[in-house]
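What follows is one structure encoded as structure tokens, with my remarks underneath.
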Amino acid sequence: MSRHFDAIIIGTGQAGPSLTARFAAAGMAVAIIERHKFGGTCVNTGCIPTKTLVASAYAAHVARRGAEYGFAVNGDVRVDMKRVKARKDEVAGRSNRSVEESLRGLRNCTVVQGHARFQSSRTVVVNDEVLQADKIFINVGGRASVPPIPGVNEASFLTNSSMMDVDFLPEHLVIIGGSYVGLEFAQMYRRFGSEVTIVEMGPRLIGREDEDVSQAVREILETEGIQIRSNAKCISLAKRDSRIAVGLNCDEGPPEISGTHLLLAVGRTPNTNDLGLDQAGVATDQRGYILVDDQLQTNVPGIWALGDCNGRGAFTHTSYNDYEIVADNLLDAGQRRVSDRIQTYALFTDPPLGRCGMTDAEIRKSGRAALAAKHPMSRVSRAVEKGETQGFIKISVDKETKQILGAAILGTGGDEVIHVLLDVMYAKAPYTVVQRAMHIHPTVAEFLPTVLSKLEPFA
Ligand SMILES: Cc1cc2nc3c(=O)[nH]c(=O)nc-3n(C[C@H](O)[C@H](O)[C@H](O)COP(=O)(O)OP(=O)(O)OC[C@H]3O[C@@H](n4cnc5c(N)ncnc54)[C@H](O)[C@@H]3O)c2cc1C
């Protein structure tokens, strides 16, 4: 016996629930399957809880700087981690409940809880029940990678998921991995009051960014007292009484760090190994990412893969955009493609880094003629008024077409202001549109025309 649906959706991440709602509204019978928490990574262990924690850390940081703003705090600013966690649980819990309730409230939608596994290209088994559909959508996301470092199984370690249960202040948090996830946790825990050491095997933090961005972020973190060990590969982990010894292969600094807690933030692994993809004939790459075409269909007609598991993006907005592409193409005869989107994301340290388009390194590699300008946040009046002058704005444009090629805004409001440039890029309009626009004073965005008036040949 099997139950038949028009569509089966596996996973309630950032694409699945919206796709379900859109299909159900179009009159299709949909089954959506979730094995763990509704809302997936972003809602439960990713964006929402971490940005809620970042907000607590920011508040503590500003309170400590009270004297600079003209107010006094009686005594030390101490963070109550139980209350910080409770606030995070409340915010994330609200989103988690909202995803579940909205799915359960949908007409034409059947919510199934359990682990889904393909039995064939048209059937999925959950809790010994067979579900069948001609269209199946995979939105299974990913999990923190655990590298095979000697001793990793003996040393107790944390990941972004188990960090969500932490309701105490680690005395010394060692973070392996100096990229986006690691840096956000590093700064927030330093601001909560922990000693923090970041171990990065590459020569610099956030190695995908340009060197000036990496360097500025490093300086911001070091100013707050975070220890950074770059060019240091973690080669062993060992439990020593109540501490964890992290052995390093490095040319500089001691070859061992002793911390009280260890966070592994060394990348993500797609949740595709236990999905029975071979039963359906769905192909993956060597790292387990499901191979998809430009409209997100797998090599098996009738099966699509959306979100982190397809390796075409690692953000909530890329997963949500995947949903829009698939829904518009299937329901509204759209022709949307993954390759139409422009790379954009933020690093939510304080100040944040907003990024869009190409890095300088990518522009250089492309060989195109470009113009570029850079402006320090210390000369942006809004940043000065707020007492948040770290970072810079930099923008590159194509010399011939005048279109914006890429930008990095590391500074207060950078995660928001970047959208001014991003939307002009989507419009394929020349940068002069921004340069001649009248912006609100005093804002960070009002300086974009000024920055663009300083364009010079790309160095
Ligand atoms: C610490 C951290 C911070 C982040 N911060 C940001 C940020 O600020 N901004 C941003 O854009 N992105 C951020 N991300 C990334 C973002 O969380 C993900 O890109 C986003 O959640 C998209 O995920 P998804 O839709 O692919 O699936 P997910 O959200 O991972 O959901 C997949 C769901 O599928 C379920 N599932 C898996 N296998 C099965 C199965 N076999 N059967 C049934 N159910 C299954 C899982 O339980 C899960 O609920 C962050 C990630 C982390 C780890």
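Condition test on THR223, is it touching an Asp or Glu at 6+ places or on another chain (Cβ under 7 Å) and away from the ligand (no atom under 15 Å from the Cβ)?
Numbers: touching an Asp or Glu at 6+ places or on another chain (Cβ under 7 Å): no; away from the ligand (no atom under 15 Å from the Cβ): yes.
No: the conditions fail for THR223.
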Q. Within region 28-51, is even one residue in contact (Cβ under 8 Å) with a residue 24 or more places away in the chain, surrounded by fewer than 18 Cβ atoms within 10 Å (Cβ to Cβ) and among the aliphatic types (A, V, I, L, M)?
A. yes
Against the definition (surrounded by fewer than 18 Cβ atoms within 10 Å (Cβ to Cβ), within 15 Å of the ligand (Cβ to nearest atom), touching a residue at least 40 places away in the same chain (Cβ under 8 Å) and farther than 21 Å from GLU171 by Cα), how does VAL91 come out, yes or no?
yes
> If we scan region 331-351, do we find a residue that is free of Cβ contacts under 8 Å to residues at least 24 places away in the same chain and farther than 30 Å from TRP304 by Cβ?
Replying inline: no
Listed by first then second residue, the pairs whose first member lies in region 101-128 and is modelled with pLDDT of 95 or more and within 9 Å of the ligand (Cβ to nearest atom), whose partner is in a strand (DSSP E or B) and of a type outside the set (A, V, I, L, M), with beta carbons under 8 Å and at least 6 positions apart or on separate chains, are VAL112/GLU34; VAL112/GLU129; GLN113/GLU34; VAL124/ARG117; VAL124/PHE118; VAL124/GLN132; VAL126/ARG117
| said: Whether any residue in region 32-43 is in contact with a strand residue (DSSP E or B) (Cβ under 9 Å, 6 or more places away or on another chain), in a helix (DSSP H, G or I) and either within 30 Å of GLU184 (Cβ to Cβ) or near the ligand (Cβ under 9 Å from one of its atoms) (or both) is what I want to check. | reply: yes
Within the bounds of region 282-300, is there any residue that is within 30 Å of PRO376 (Cβ to Cβ), within 13 Å of the ligand (Cβ to nearest atom) and small (Gly, Ala, Ser)? no
The condition of being more than 14 Å from the ligand (Cβ to nearest atom), buried (at least 16 other Cβ atoms within 10 Å of the Cβ), polar (S, T, N, Q) and more than 26 Å from the chain's Cα centre (by Cα) holds, among SER242, SER236, only for SER236
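Which residues, counting only those in region 136-149, are more than 9 Å from the ligand (Cβ to nearest atom) and either surrounded by fewer than 20 Cβ atoms within 10 Å (Cβ to Cβ) or part of a loop (DSSP other than H, G, I, E, B) (or both)? It would help to see each step written out before you state the result.
Of the residues in region 136-149, the ones more than 9 Å from the ligand (Cβ to nearest atom) are 136-137, 145-149.
Result: SER145, VAL146, PRO147, PRO148, ILE149.
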Among the residues of region 66-88, is there at least one that is in contact with a Ser or Thr (Cβ under 7 Å, 6 or more places away or on another chain), among the basic types (Lys, Arg) and more than 16 Å from the ligand (Cβ to nearest atom)? yes
Exactly one of ARG3, ARG22 is in contact with an Asp or Glu (Cβ under 8 Å, 6 or more places away or on another chain), of a type in the set (D, E, K, R) and farther than 30 Å from ALA186 by Cα, and that one is ARG3
Residues of region 174-193 being farther than 24 Å from VAL43 by Cα and either within 15 Å of the ligand (Cβ to nearest atom) or crowded, with 20+ Cβ neighbours inside 10 Å (or both), in sequence order, are VAL174
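What tally of residues in region 159-173 results from selecting those that are touching a strand residue (DSSP E or B) at 6+ places or on another chain (Cβ under 8 Å) and surrounded by fewer than 21 Cβ atoms within 10 Å (Cβ to Cβ)?
Our first condition is that a residue be touching a strand residue (DSSP E or B) at 6+ places or on another chain (Cβ under 8 Å); within region 159-173, this holds for 159-161, 163, 166, 170-173.
Subsequent filtering for residues that are surrounded by fewer than 21 Cβ atoms within 10 Å (Cβ to Cβ) retains 159, 161, 166, 171-172.
Here the count works out to 5.
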Within region 53-99, of all residues that are within 20 Å of the chain's Cα centre (by Cα) and hydrophobic (A, V, I, L, M, F, W, C), the one farthest from MET188 (Cα to Cα) is VAL99
The condition from (1) farther than 19 Å from ARG22 by Cα; (2) buried (at least 16 other Cβ atoms within 10 Å of the Cβ); (3) among the acidic types (Asp, Glu) that ASP294 misses is numbered (2)
Residue pairs qualifying under the 6 Å Cβ cut-off, at least six apart or on distinct chains, with the first in region 385-410 being under 18 Å from PRO442 (Cα atoms) and the second being among the polar types (S, T, N, Q) and crowded, with 18+ Cβ neighbours inside 10 Å, are LYS386/THR412; GLU388/THR412
Review point. In this structure, does TYR189 turn out to be more than 24 Å from LYS374 (Cβ to Cβ) and within 21 Å of the chain's Cα centre (by Cα)?
Key: yes
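The values are calculated or read from the model by the stated rules, or taken from the named source; none is laboratory data. Quick caveat: nothing in here was measured; it's all calculated off a predicted structure. As a convention, Cβ positions derive from the backbone with ideal geometry for all residues, glycine included, and neighbour counts pool all protein chains shown.
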